[in-house]
Amino acid sequence: MGNVPTTVKHCLSYEQLIQDYPWLKRWLLEEKTNTGHEFPEFVKIVEVGPRDGLQNETEIVPTGVKIQLIDMLSGTGLPVIEATSFVSSKWVPQMADHTDVLRGIQRAPHVRYPVLTPNMQGFQDAVAAGATEVAVFGSASETFSKKNINCSIDESMLRFKEVINTAKERQIPVRGFIISIRIISCHHHQCLDSMGGFILLLIRADAPQLQISPYVSCALGCPHEGYIEPSKVSEVAKSLYELGCYEISLGDTIGVGTPGSMFKMLQSVMKEVPTNALAVHCHDTYGQALPNILTALQMGVCVVDSAVAGLGGCPYAQGSSGNVSTEDVLYMLHGMGIETGVNLAKVIEAGDFICNALHRETNSKVAKARGRTLGCVSVRENI
Amino acid sequence: PGRQCLSTSSGQALPEKVKIVEVGPRDGLQNEKTMVPTETKINLIDMLSASGLPVIEATSFVSPKWVPQMADQVEVMKGIDRKPGVSYPVLTPNLKGFQAAIKAGASEVAIFGAASELFSKKNINCSVDESLQRFDEVMKAAKEFGVPVRGYVSCVLGCPYEGKVAPEKVAHVAKRLYSMGCYEISLGDTIGVGTPGSMSKMLEAVSREVPVNALAVHCHDTYGQALANILVALQMGISVVDSSVAGLGGCPYAQGASGNVATEDVVYMLHGLGIQTGVDLSKLMDAGAFICRTLNRKTNSKVAQATCKL
């Protein structure tokens, strides 16, 4: 399972690909821009704005607005949109309307809508609300665990076992659906051992339709431990991959990475995991996200996480930015002749919409610059 | 180690050292609405000198009628503490400006040309070739005085009036400036529309006409692409980067949008790559904090904004 390239994950043949993605045929016939570097021809964008983004915004957003945001994003061509989180509203008030959101959105064909489910209750609610892809997460340390899901690592593992067994059982009435489980884990051995056991459980649960894609946080630096050795990250990535995870997202959680540390970390991880099973989740806290993403692309990574309008500040640096803006990433990729299937102008519209609702300015430089050019010819050939 | 590995497929390694040309006090302040007192400008330049920056663009000998912010050019030039080994170039748009600059003690000057005809027409009301001819007399005078001249080319990756700009046109202007006697040509993405794609195409064309060690990049961050573009330039052998402390200076063509890339963010990236700059980042941030307080504005530098409490 882990060896299947992500771009053909849903397809078994070229004909199927062309049918599902009509733009592909047109793209294949067009001349490609030669940037002089070896870059992927297509990059999959994983849009985390509605969940990871909004979760880190202080202003509470009404349900109708969240639904409208996701519907607007669905119309842009984004292939994956993290919709909401089935976490207790006591801990994350922003996500209290998870059921209404998931039920209310209009699901576009060929778009995936993963939702976070930290425990059994959350999982049940998610499936009842119609989720076809869920994510569970472990934590880096006891402190993290306590802060995030109010239990120890062991307790959280027990919860996941319950979740998985139920998912297995539920396979019967929901035959035909792909239930994917996205695991968010970390670089700590302690956590890895628990995660490893948990994943083995998944595999042995004889649920062939389960897709596991973990998120490794703090890949370039930890708020508690500082610098993280690339070898630690690659150990975790290797174990997860060997256990059957098809895609591993490497997160620069506090945005301290630079092309130098990104290169070293990826070089180490790529010795253990095929490049086409890797994704990068860069934070722009130090303005390094785009050069870091560029570095990852130069090394062959072709999946990038980002958030519309750069929603979501950094929880570890008050007032700083967090997620990189989807608009800025798209502008760069399209400028390099890399295809994404996403309409940048429509993403900007969605970003404008949510920023109005949040009464805040966008974090996207592209969105800021667009439409402010004073009576001049448009040079924005990428938009 | 990271620096050497991030080479292009042709195997060219990243430079060991990069020279930062700090344009905040001139290019930055020139595009700020708030008028800054002379004393503040002098303090800023002195603080920047102390941070280890090797080149600091001090002021512009342009008519105060056109650029009121630079009206105190002589006082600034005479008032700053010149650190040995640091260069303080000034802009000289014509012979009169050059003469005034020399009188005020300048030992390096800068001239400029555009890669777009329309831009040239709208800005200085003549064609690109005509504008370069006007600089002939400045070049002659500079030779007489033994003063080095830096050349700027604007709109290298796009023009607010013409749209796309042909890389060959940029190469043509760069070559003209170089053969006129400029020791270094700074290629400016004036409206920040460039991406790693257009940057590498343009540099490929220009480096066929001008040796790469005589080239610099001056990237604007209006579309957030500056650092990515700078990285690509480094990979192609460029080792001189223009930037502005605190990202001073908005974009005059996109109201409210950002302009110059922040020196702090550039230095953070370069140091992370193991590239030497000679700059002390914390002293640089002090200078940025100082000028932002005075201008009563937030910094444009993300590194400065992030007070990550690790």
When each of B:41/B:169; A:90/A:264; B:140/B:298; A:365/B:19 is checked by Cα-Cα distance, pairs over 32 Å
B:41/B:169; A:90/A:264; B:140/B:298
If amide H atoms are built 1.01 Å from N in the plane of the peptide, which residues on other chains or at least 5 residues away come under 5 Å of the amide H of residue A:112?
A:80, A:81
Under the definition of Cα pairs under 8 Å and six or more residues apart, what whole-number percent is the relative contact order of chain B?
21
Rank the residues B:88, B:183 as a footprinting-exposure proxy: fewest other Cβ atoms within 10 Å of their Cβ go first.
B:183, B:88
Per-residue ellipticity at 222 nm for chain B, helices alone: DSSP H runs ≥ 4 residues times -39500 (n - 2.57), over residue total, nearest 500 deg cm²/dmol?
-11500 deg cm²/dmol
Going from the fewest other Cβ atoms within 10 Å to the most, one would list A:283, A:334, A:110, B:271 as A:110, B:271, A:334, A:283
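May I ask for the Rg/Rh ratio of segment B:237-302, computed from Cα atoms with Rh as the Kirkwood radius, given to two decimals?
Ratio of gyration radius to Kirkwood radius for segment B:237-302: 1.00.
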With the contact rule set at Cα under 8 Å and sequence spacing of 6 or more, what percent relative contact order holds for segment B:65-169?
26
May I ask you to sort A:229, B:117 by Cβ crowding, counting other Cβ atoms within 10 Å and putting the fewest first?
A:229, B:117
From the Cα gyration tensor of segment B:48-116, with a ≥ b ≥ c the square roots of its eigenvalues, which class applies: rounded if a/c is under 1.5, or else prolate if a/b is larger than b/c, or else oblate?
prolate
Give the separation of the Cα centroids, segment B:226-261 to segment B:120-178, in Å.
19
Please list 3J(HN,Hα) in residue order for segment A:87-92, calculated via the Karplus relation 6.51 cos²θ - 1.76 cosθ + 1.60 where θ = phi - 60°; whole Hz, with x for glycine and proline.
9, 4, 5, 5, 8, 10
Per its Cα gyration tensor (rounded if a/c is under 1.5, else prolate when a/b beats b/c, else oblate), chain B is best filed as rounded
Going by a ≥ b ≥ c, the root eigenvalues of the Cα gyration tensor, does segment B:155-310 fall in the rounded group (a/c under 1.5), the prolate group (a/b larger than b/c) or the oblate group?
prolate
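Just so you know, all these numbers are worked out from the coordinates, no wet-lab data involved. Because the structure is a prediction, the values reported are computed rather than measured. As a convention, Cβ positions derive from the backbone with ideal geometry for all residues, glycine included, and neighbour counts pool all protein chains shown.
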